[in-house]
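Worksheet for the structure shown next.
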Amino acid sequence: MWIDDQPVSPALGRTVATTSPPAPGSPVTDHSDPPVPWLLVAGLAVVVLVLAGLAARYLLLTRRPRRAAAPVPSTEEVEPSVLTEPPVPTVPPVPTEPPVPAPPAPPDPSALLASVVAVGAAAPGGALAAKVDRVVSGAYSTDDLVKLAIDLRDQLDDATAADLRAGLRGGLATVGITEVVVAAVPVDTTTQAVFSTVPTTDPALDLVVARTVRVGYRAGTRLVRPPEVEVHRYQPPP
């Protein structure tokens, strides 16, 4: 193909300069394009790919969290006592004892003393008054007054001394001493003293207390003096 009187190459789409054939005996000049350096282009492509791979690996490593370095075991031997302290022994709690209750206040013997003095005043110059004066004139205790009141009570058996006996009974009660009188119950020799016996023809009354001959006394659950009693004894009829 010819354009402007120049030949056109169909493959390259461009004009190709043509010259007339050289004259015989003249030098030949090559007017074609220089060859493309394909090996250089391929080498540059490989370098670019390698650099891209290294950049991607660098980014991956910088974004990954770093693990803490494991401690390097020491080669020195350390005694166990240096590493761990001995356990502290636990002390069990000391049990607390309940508080000891305070002892009760001693009873007031003033009422008992008044009842004893009243007996001595009712019989001036007699044996009972002498007993009272001998105790209350010196240093006496509550036990001394209790023994004196019981002795006076035993000697006041007549009907005229009913008020004095009641006063002694009330005075003894203020210090915790009560009278013990039994009747119509089976005899109990552990808490009663048999003074006498009385015959009976009723077998149901055998060994039953008929009456109290002398009053007994008790301080709470403690028997101060057992009562002296008269007991029925069964005797068959003739």
ask   = What are the residues whose amide H is under 5 Å from the amide H of residue 233, where those residues sit 5 or more places off or on another chain and H is modelled from the backbone?
value = 198, 200, 207
Computed FRET value (nearest 0.05) for residue 196 with residue 97, which takes r as the C-beta separation and R₀ as 45 Å = 0.25
request  = Order by neighbour count: 214, 134, fewest other Cβ atoms within 10 Å first, most last.
outcome  = 134, 214
task = Find the Rg to Rh ratio for the stretch 110-175, where Rh is the Kirkwood radius over alpha-carbon pairs and Rg uses the same atoms.
result = 0.92
remark   = Proxy exposure order for 202, 133 (fewest C-beta within 10 Å first) is 202, 133
key: Burial ranking of peptide ranges 148-156, 205-213 (average Cβ count within 10 Å, highest at the top)   = 148-156, 205-213
inquiry  = Can you give me the long-range amide H partners of residue 194? Hydrogens built in the peptide plane at 1.01 Å from N, cutoff under 5 Å, separation of 5 or more residues or another chain.
reply    = 229
key: the stretch 179-234 - Rg over Rh from alpha carbon coordinates, Kirkwood radius   = 1.01
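Laboratory data are not the source of any read-out in this text; all were calculated from the coordinates shown. All figures in this text were calculated on a predicted structure; none of them were measured in a lab. No Cβ is skipped: glycine too gets one built from the backbone with ideal geometry, and neighbour counts run over all protein chains shown.
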